[in-house]
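Undergrad: Below are the structure tokens for one structure; questions will follow.
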Amino acid sequence: QVQLVESGGGLVQSGGSLRLSCAASGNIFNINAMGWYRQAPGEQRELVATITSGGSTNYADSVKGRFTISRDNAKNTVYLQMNSLAPEDTAVYYCNAKKYVYAYWGQGTQVTVSS
């Protein structure tokens with residue numbers, strides 16, 4: 001089993017920044033990729049950014065140039081640096097980890113961007 005603990009969400013004004021963290025614990029061996037997804041009210045959960053074990057990254061078009069995903073292997077932690085936040089970024093952000101055919105999810109952390 002893999003446990004994902006998220007932190008860093010909160011309320012920020014438009015144009016501000018937040019940094020989300022996701023710490024993985026448990027049976028973390030052979031995790032292939034980690035990422036961030038988000039779900040706004042009335043919307044489907046969507047990909048925000050992913051990073052593979054080899055360091056390859058992928059971003060949704062809506063966040064390119066504003067968000068950066070990174071990892072710290074020593075701490076088994078993945079980060080999402082979010083800059084130039086806008087109200088449309090308001091959503092619950094979920095951490096994800098993939099291990100072969102298995103997928104694990106964090107509990108979600110609320111990000112609210114006020115205008």
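Undergrad: Within region 1-19, how many residues turn out to be hydrophobic (A, V, I, L, M, F, W, C) and within 16 Å of Ala86 (Cβ to Cβ)?
TA: Let us first name the residues in region 1-19 that are hydrophobic (A, V, I, L, M, F, W, C), namely 2, 4-5, 11-12, 18.
From what is left, the residues that are within 16 Å of Ala86 (Cβ to Cβ) are 11-12, 18.
Counting residues in region 1-19 that are hydrophobic (A, V, I, L, M, F, W, C) and within 16 Å of Ala86 (Cβ to Cβ) gives 3.
Undergrad: Restricting to region 34-57, what's the tally of residues that are under 14 Å from the mean Cα position of the chain (by Cα), more than 18 Å from Asn83 (Cβ to Cβ) and of a type in the set (S, T, N, Q)?
TA: 3
Undergrad: Please enumerate the residues belonging to region 80-115 that are aromatic (Phe, Trp, Tyr), on the phi < 0 side of the Ramachandran plot and surrounded by fewer than 22 Cβ atoms within 10 Å (Cβ to Cβ).
TA: Initially, region 80-115 is screened for residues aromatic (Phe, Trp, Tyr), giving 93-94, 100, 102, 104-105.
Within this subset, residues satisfying the condition of being on the phi < 0 side of the Ramachandran plot are 93-94, 102, 104-105.
Within region 80-115, Tyr94, Tyr102, Tyr104, Trp105 meet the criteria.
Undergrad: Could you list, ordered by first residue, the pairs with Cβ atoms under 7 Å in which the first is in region 83-95 and more than 25 Å from Arg71 (Cβ to Cβ) and the second is modelled with pLDDT under 95 and open to solvent by 10 Å² or more (accessible area, probe 1.4 Å), at least 6 apart or interchain?
TA: Listed by first residue and then by second, the contacts come to Pro87/Ser115.
Undergrad: Of everything in region 35-57, what is closer than 16 Å to Gly106 by Cβ and hydrophobic (A, V, I, L, M, F, W, C)? Give them in sequence order.
TA: Passing the criteria: Trp36, Leu47, Val48, Ala49, Ile51.
Undergrad: Take the conditions touching a residue at least 40 places away in the same chain (Cβ under 8 Å), out of contact with any helix residue (DSSP H, G or I) (no Cβ under 7 Å at 6 or more places or on another chain), of a type in the set (Lys, Arg) and surrounded by 15 or more Cβ atoms within 10 Å (Cβ to Cβ) and apply them to Arg19. Does it pass? Even if it seems obvious, please write down each step before you answer.
TA: On the way: touching a residue at least 40 places away in the same chain (Cβ under 8 Å): yes; out of contact with any helix residue (DSSP H, G or I) (no Cβ under 7 Å at 6 or more places or on another chain): yes; of a type in the set (Lys, Arg): yes; surrounded by 15 or more Cβ atoms within 10 Å (Cβ to Cβ): no.
The answer is no for Arg19.
Undergrad: Restricting attention to region 58-79, which residues are open to solvent by less than 50 Å² (accessible area, probe 1.4 Å) and in contact (Cβ under 8 Å) with a residue 40 or more places away in the chain?
TA: Hits for region 58-79 are Thr77, Val78, Tyr79.
Undergrad: A further question on this structure: Can you name the condition, by its number, that Val111 falls short on among (1) within 17 Å of Val5 (Cβ to Cβ); (2) without any contact (Cβ under 8 Å) to a residue 60 or more places away in the chain?
TA: Among (1) within 17 Å of Val5 (Cβ to Cβ); (2) without any contact (Cβ under 8 Å) to a residue 60 or more places away in the chain, the lone unmet condition for Val111 is (2).
The values are calculated or read from the model by the stated rules, or taken from the named source; none is laboratory data. This is a predicted model, so every value here is computed, not measured. Glycine also receives a Cβ, built like all others from the backbone with ideal geometry; neighbour counts cover every protein chain displayed. Keep in mind that these areas ignore ligands, DNA and RNA; they rest on the heavy atoms of the full protein, side chains included. Shrake-Rupley method; radii C 1.70, N 1.55, O 1.52, S 1.80 Å.
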